[in-house]
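Asker: I'd like to ask you about the structure that follows.
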Amino acid sequence: GAVVSQHPSWVICKSGTSVKIECRSLDFQATTMFWYRQFPKQSLMLMATSNEGSKATYEQGVEKDKFLINHASLTLSTLTVTSAHPEDSSFYICSAIPQAGGELFFGEGSRLTVL
Amino acid sequence: SQQGEEDPQALSIQEGENATMNCSYKTSINNLQWYRQNSGRGLVHLILIRSNEREKHSGRLRVTLDTSKKSSSLLITASRAADTASYFCATRVYGGYNKLIFGAGTRLAVHP
């Protein structure tokens, strides 16, 4: 099946630093990718829709200057958590939908811990 | 924003028993999907049911959809310890860039 890869799978950083998480579709092109965050024992909350070559669409309440999304190619979207704080510690999951359509494929997630 | 509610939030059963999880949603949908998530891992797609379907089977899984009540259920028959995971419903809404909105999830524990 189609594979979506996230990197890094886990990261620990100091408060105030920025962290970049990559989401790659390995065997298909994805015009659209989605970024979710998940707190422990909670559901996935959609943060933003990432569209190749255009600005991301953020969900209500998500700070676009805090969570920078770049979708520069059909196989790569990046999420940068800027000036991270402990409350940004979470599990971030991306998903991608093939350009040809069909089901969504999810990455394995990236666990961010901000000290 | 969250689309749906799921109940129960947690379910603990013995191997061999059936597990039923319910999901409700709020808006009109194109389809509803069920996913499984092992602790700290990504999501695995289980089954998709379209808005014009009422029931669907896949192996030990049975999903029903009642669009008049805006609800769905997932039944896992003859559960196994390996079924222990969190289960989420997700709805694909009309006009929503194909984005999925997830329910709160049910944490299932199957004891040997």
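Asker: So in the range B:19-40, with the set limited to residues that are surrounded by 16 or more Cβ atoms within 10 Å (Cβ to Cβ), at the interface with chain A (Cβ under 9 Å from one of its Cβ atoms) and not hydroxyl-bearing (S, T, Y), which one is farthest from A:G109 (Cα to Cα)?
Answerer: Only one residue tops the list, namely B:Q33.
Asker: Being part of a strand (DSSP E or B) and either at the interface with chain B (Cβ under 10 Å from one of its Cβ atoms) or touching a Gly at 6+ places or on another chain (Cβ under 6 Å) (or both): is that true of A:Y92 here? Lay out the reasoning, then the answer.
Answerer: Values: part of a strand (DSSP E or B): yes; either at the interface with chain B (Cβ under 10 Å from one of its Cβ atoms) or touching a Gly at 6+ places or on another chain (Cβ under 6 Å) (or both): no.
No; evaluated as a whole, the condition is false for this residue.
Asker: Which count do you get for residues in the range A:29-50 that are at the interface with another protein chain (Cβ under 8 Å from one of its Cβ atoms) and closer than 20 Å to A:G101 by Cβ? Reasoning before the result, please.
Answerer: The first filter runs over the range A:29-50 and keeps only residues at the interface with another protein chain (Cβ under 8 Å from one of its Cβ atoms), leaving A:32, A:34, A:36, A:41-46, A:49.
If we keep only those that are closer than 20 Å to A:G101 by Cβ too, we end up with A:32, A:34, A:46, A:49.
Selection size over the range A:29-50: 4.
Asker: Looking at (1) within 25 Å of A:F34 (Cα to Cα); (2) at pLDDT below 90, which is the only condition B:S24 fails?
Answerer: So B:S24 meets the others, but not (2).
Asker: Within the range B:62-93, how many residues turn out to be among the charged types (D, E, K, R) and in a strand (DSSP E or B)? Give the derivation first.
Answerer: At the first step, the residues of the range B:62-93 found to be among the charged types (D, E, K, R) are B:62, B:66, B:69-70, B:80, B:83, B:92.
Imposing the further condition that a residue be in a strand (DSSP E or B) reduces the set to B:62, B:66, B:92.
Count: 3.
Asker: Also, I was wondering about something else. Is at least one residue of the range A:28-44 within 22 Å of B:V93 (Cβ to Cβ), assigned to a strand (DSSP E or B) and β-branched (V, I, T)?
Answerer: Narrowing the range A:28-44 to residues within 22 Å of B:V93 (Cβ to Cβ): A:30-38, A:42-44.
In the following step, the residues that additionally are assigned to a strand (DSSP E or B) were identified as A:32-38, A:44.
When the remaining residues are screened for being β-branched (V, I, T), the result is A:32.
Yes - at least one qualifying residue is present in the range A:28-44.
Asker: Still on this structure, I have one more. Which of the residues spanning the range A:67-102 are under 27 Å from A:K41 (Cβ atoms) and surrounded by fewer than 16 Cβ atoms within 10 Å (Cβ to Cβ)?
Answerer: Those that are under 27 Å from A:K41 (Cβ atoms) and surrounded by fewer than 16 Cβ atoms within 10 Å (Cβ to Cβ): A:T80, A:T82, A:S83, A:H85, A:P86, A:E87.
Asker: If you go through the range B:54-73 one residue at a time, do you hit one that is out of contact with any Phe, Trp or Tyr (no Cβ under 9 Å at 6 or more places or on another chain), on the phi > 0 side of the Ramachandran plot, surrounded by fewer than 16 Cβ atoms within 10 Å (Cβ to Cβ) and within 14 Å of another protein chain (Cβ to nearest Cβ)? I'd like the intermediate steps shown before the answer.
Answerer: Keep residues of the range B:54-73 that are out of contact with any Phe, Trp or Tyr (no Cβ under 9 Å at 6 or more places or on another chain), which gives B:54-60, B:62, B:64-69, B:73.
Within this subset, residues satisfying the condition of being on the phi > 0 side of the Ramachandran plot are B:59.
Subsequent filtering for residues that are surrounded by fewer than 16 Cβ atoms within 10 Å (Cβ to Cβ) retains B:59.
Right, trim to within 14 Å of another protein chain (Cβ to nearest Cβ) and you get none.
No, the range B:54-73 contains no residue that is out of contact with any Phe, Trp or Tyr (no Cβ under 9 Å at 6 or more places or on another chain), on the phi > 0 side of the Ramachandran plot, surrounded by fewer than 16 Cβ atoms within 10 Å (Cβ to Cβ) and within 14 Å of another protein chain (Cβ to nearest Cβ).
Asker: Of all residues in the range A:57-66, count the ones that are within 11 Å of chain B (Cβ to nearest Cβ) and surrounded by 14 or more Cβ atoms within 10 Å (Cβ to Cβ). If you could, list the steps in order and put the result at the bottom.
Answerer: Just the residues of the range A:57-66 that are within 11 Å of chain B (Cβ to nearest Cβ), to begin with: A:57, A:59-62.
Now restrict to residues that are surrounded by 14 or more Cβ atoms within 10 Å (Cβ to Cβ): A:57, A:59, A:62.
Of the residues in that region, 3 qualify.
The values are calculated or read from the model by the stated rules, or taken from the named source; none is laboratory data. All values derive from a computational prediction rather than experimental measurement. Every residue, glycine among them, receives a Cβ derived from its backbone with ideal geometry; neighbour counts consider all protein chains shown.
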